[in-house]
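Visitor: Provided herewith is a single structure, encoded as structure tokens, for subsequent inquiry.
Taken together, the values in this text are just the output of simple stated rules run on the coordinates, not laboratory data. Because the structure is predicted, anything quoted here is derived from the model rather than measured. Heads up, the Cβs are rebuilt from the backbone with ideal geometry, glycines too, and the neighbour counts pull from every protein chain shown.
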Amino acid sequence: MMEDVADVIAALEGDATADAAAQVISLATTYFETTRRGEGPVSSGRSPNEIAARFDGPMPEDGTDLATIVARIERDVLADANRLAHPMYMGHQVSFPLSTAVWTDAVISALNQSVAVEEMSPTLTSLEHRVIRWMCGAVGFPAGSGGTLTSGGTEATFTALLAARAAALPDSWMHGVSEPRPVVLCGEHTHYAVTRAVAELGLGMRSAIAIPSVNYRMDVAALEREIARLRERQIPIMAIVATAGHTATGSFDDIDAIGALCDGEGLWLHIDGAHGATAVLSDRHRHRVRGIERARSIAWDPHKMMLLPLPAGMLLVRSERELQAAFAQRAPYLFHGSDDATRVRDQGVRSFQCSRRADVLKLWVVLQRLGRRGIALLHDHLCDLALQVREELVRHSEFEILHAPDSNILCFRYVGDRRADDETLDAINREIRERYNKSGAGWITATLLGGRRVLRVTMMNPRSTRAHIRALVDGLLGVAADVVGARGPA
Ligand SMILES: *Cc1c(COP(=O)(O)O)cnc(C)c1O
């Protein structure tokens with residue numbers, strides 16, 4: 001019973017011990033341990049209503065002992081969580097997080113330094129500047145570049161486009177967006193974070209112009225034609241957004257060619273590298289982002305291909321001044337001498353967030369633990385797994401593979417004996433995924449490609465092996481036979 005504050009404080013002190021921590025942390029270690037062997041289902045398939053019902057009930061009036069709560073988490077949360085650490089999880093672009101980073105998360109929370117203001121986080125603000133410099137160096141940005149950690153790629157891209165807006169329309173901070181409103185050009189398969197940012201920035205969603213793709217990459221000739229058309233009509237262009245690692249297919253736009261075009265035209269190039277920018281760390285995959293240093297801004301999510309737990313996003317800018325200008329046109333550097341003397345170390349001036357947790361620590365710890373090389377090897381391994389999926393699928397004529405994997409993502413669909421029409425195949429593929437995931441044997445995603453419903457795997461788990469990939473293919477074939485059998489002859 002919590003009768004007076006002394007009882008509460010006693011509970012807090014008790015919870016601050018290594019014993020109490022071990023009780024909570026054992027949930028995570030047991031989870032890692034059981035999933036390591038690939039035992040049990042990947043997901044429980046229990047209905048959302050059933051899950052919601054167990055959490056019904058009023059707000060607790062009194063406290064409960066920690067052991068009861070730990071048991072409850074185990075029963076009510078873990079049991080029906082999607083188990084990303086299970087080697088048969090091949091679903092979304094969310095990591096089976098590196099354990100070192102998971103434990104560091106507890107330290108980040110324990111210290112609870114807000115990196116927005118340097119005096120609140122004397123060590124971790126410095127560390128964020130240091131790690132940002134490393135990452136700027138990795139992409140080939142010059143001195144004077146900078147950036148900030150973000151909640152993810154969505155925030156990074158929004159912030160980047162805000163900086164692009166400040167560059168294109170310096171008055172917009174004070175007066176709002178006036179006519180003629182500038183446009184943003186992006187690929188037709190761009191993540192919705194881009195079009196949404198355009199709308200959020202007051203430009204109107206119609207100011208996002210989609211450039212068609214060839215083989216899931218932005219058609220550079222079409223981009224060039226569109227720029228010429230806009231120039232002729234004197235419509236201002238705020239930014240070009242290229243993608244490094246498209247969400248649906250993992251394919252990379254031709255950044256070098258797009259970058260050269262933007263350089264020639266004096267246009268702001270933003271690269272949405274939320275998924276794929278980690279390729280800059282890889283000796284084998286760096287060519288996919290050739291020319292990335294031509295960007296003015298880059299969104300890069302360590303919580304994707306660097307396998308960090310959420311949240312760990314990042315925005316890099318070629319000129320730190322331009323990022324500061326995003327949030328306040330009257331930044332201190334405008335009024336005082338040289339950059340160095342007046343460099344604002346507080347990260348709050350570069351970020352949407354005010355209070356912000358020091359996620360940089362887990363990124364730094366993982367870089368210490370594995371080094372650039374270790375991260376690169378993990379990255380390349382995940383990409384190799386997607387190639388293995390393709391190798392296993394091509395043995396079966398029932399599958400159609402939709403693209404060559406540039407990264408760790410592969411889209412394909414079940415076509416059976418190829419006699420069914422596309423509408424029927426859409427329905428069959430939808431049902432295959434639903435049944436397969438519900439079975440608990442594995443977990444994959446789906447997307448729309450060229451208007452067709454297709455299956456999609458994202459290999460985010462270094463524990464997955466070729467045997468698991470074969471189990472995926474066999475599992476899908478088994479489910480497909482049931483689905484097609486149940487539909488009867490066409
Ligand atoms: C994941 C992703 C995003 C969104 O990033 P969040 O971290 O989920 O906010 C944006 N663009 C691309 C290409 C992505 O893969």
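Visitor: In nm, to one decimal, how far is the Ala260 label point from the Ser109 one, both placed 7 Å along Cα→Cβ?
Guide: Between Ala260 and Ser109, the simple spin-label model gives 5.0 nm.
Visitor: Among Ala208, Gln234, Leu149, pick out the residue whose Cα is farthest towards the positive end of the charge dipole of the range 114-357, where Lys and Arg carry +1 and Asp and Glu carry -1 on C-beta, about the Cα centre.
Guide: Leu149
Visitor: Run the simple label-point estimate for Leu27 and Ala167 please: 7 Å along Cα→C-beta, distance reported in nm.
Guide: 4.5 nm
Visitor: Just how large is the dipole of the range 114-357 about the Cα centre, in debye to the nearest 20, putting +1 at every Lys and Arg Cβ and -1 at every Asp and Glu Cβ?
Guide: Roughly 180 debye, rounded to the nearest 20.
Visitor: Rounded, prolate or oblate for the range 114-357? Axes are the square roots of the Cα gyration tensor eigenvalues, ordered a ≥ b ≥ c, and the cut-off for rounded is a/c under 1.5.
Guide: It comes out oblate by the Cα gyration axes.
Visitor: State the antiparallel share, in %, of DSSP beta bridges confined to the range 227-307, rounding to the nearest 5.
Guide: Within the range 227-307, antiparallel bridges account for around 10 percent of the total.
Visitor: Classify the chain as rounded, prolate or oblate, taking a ≥ b ≥ c as the square roots of the eigenvalues of its Cα gyration tensor: rounded when a/c is under 1.5, otherwise prolate if a/b is larger than b/c and oblate if not.
Guide: Oblate is the answer for the chain, as a/c is 1.5 or above yet b/c matches or exceeds a/b.
Visitor: Using only the Cα atoms of the range 91-140, what are the Rg and Dmax in Å?
Guide: 13.8, 41
Visitor: Further question on the same structure: What is the Cα centroid distance between the range 374-436 and the range 1-69, reported in whole angstrom?
Guide: Here the two parts' Cα centres lie 38 Å apart.
Visitor: Can you list the trypsin sites (Lys or Arg not before Pro) in the range 198-294 that are in a DSSP coil and have 11 or fewer other beta carbons within 10 angstrom?
Guide: Arg233
Visitor: What's the extension gain from Ser439 to Ser397 if we count 0.36 nm per residue and subtract their Cα-Cα distance?
Guide: The Ser439-Ser397 span can extend by a further 12.7 nm.
Visitor: Using +1 on the beta carbon of Lys and Arg, -1 on that of Asp and Glu, and nothing else charged, what's the dipole of the range 276-428 about the Cα centre, debye to 20?
Guide: My answer is approximately 960 debye.
Visitor: Among Ala404, Leu269, Pro309, flag the residue with its Cα farthest along the positive direction of the charge dipole of the chain, charges on Cβ as +1 for Lys/Arg and -1 for Asp/Glu.
Guide: In the chain, that residue is Ala404.
Visitor: Any idea which of Asn461, Thr447, Val479 is furthest toward the positive side of the dipole for the range 426-490, if Lys and Arg beta-carbons carry +1 and Asp and Glu beta-carbons -1?
Guide: Highest projection toward the positive end goes to Asn461.
Visitor: Going by C-beta contacts inside 10 Å, put Met459, Met120 in order with the fewest on the left.
Guide: Met120, Met459
Visitor: Output wanted: per-residue J couplings in Hz (rounded whole) for the range 198-204, from phi through Karplus 6.51 cos²θ - 1.76 cosθ + 1.60, θ = phi - 60°, x for Gly and Pro.
Guide: 4, 5, 4, 7, x, 8, x
Visitor: While we're here: Classify the range 371-487 from the C-alpha gyration tensor, please: rounded if a/c falls under 1.5, else prolate or oblate depending on whether a/b exceeds b/c.
Guide: Cα axes put the range 371-487 in the prolate bin.
Visitor: So if we plug the beta-carbon distance of Arg369 and Ile69 into 1/(1 + (r/R0)^6) with R0 = 22 Å, what FRET efficiency do we get, rounded to 0.05?
Guide: Efficiency computed from Cβ-Cβ geometry: 0.10.
Visitor: Calculated FRET efficiency, Glu13 and His381, Cβ-Cβ r, R0 45 Å, to nearest 0.05?
Guide: 0.55
Visitor: Per the helix-only calculation at 222 nm, which mean residue ellipticity applies to the chain, given -39500 (n - 2.57) for every DSSP H run of n ≥ 4 and division by its residues, nearest 500 deg cm²/dmol?
Guide: Helices in the chain give a 222 nm mean residue ellipticity of -14500 deg cm²/dmol.
Visitor: Take the alpha carbon atoms of the range 156-206, find their center, do the same for the range 72-106, and report the distance between the two centers in whole angstrom.
Guide: 35 Å
Visitor: Separate question: Over what distance in Å are the Cα centres of the range 222-270 and the range 117-136 separated?
Guide: Taking the Cα centre of the range 117-136 as reference, the centre of the range 222-270 is 32 Å away.
Visitor: Here is a further query. Give a residue-ordered list of calculated ³J(HN,Hα) values for the range 471-481 (Karplus: 6.51 cos²θ - 1.76 cosθ + 1.60, θ = phi - 60°; whole Hz; x for Gly, Pro).
Guide: In residue order, the calculated couplings are 5, 4, 4, 4, x, 5, 4, x, 5, 4, 4 Hz.
Visitor: Rank these for me by crowding, Met305, Met1, going from fewest to most other beta carbons within 10 Å.
Guide: Ascending Cβ contact count within 10 Å gives the list Met1, Met305.
Visitor: Treat every Asp and Glu Cβ in the chain as -1 and every Lys and Arg Cβ as +1, leave all other atoms uncharged, and give the resulting dipole magnitude about the Cα centre to the nearest 20 debye.
Guide: Rounded to the nearest 20 debye, it is 1520 debye.
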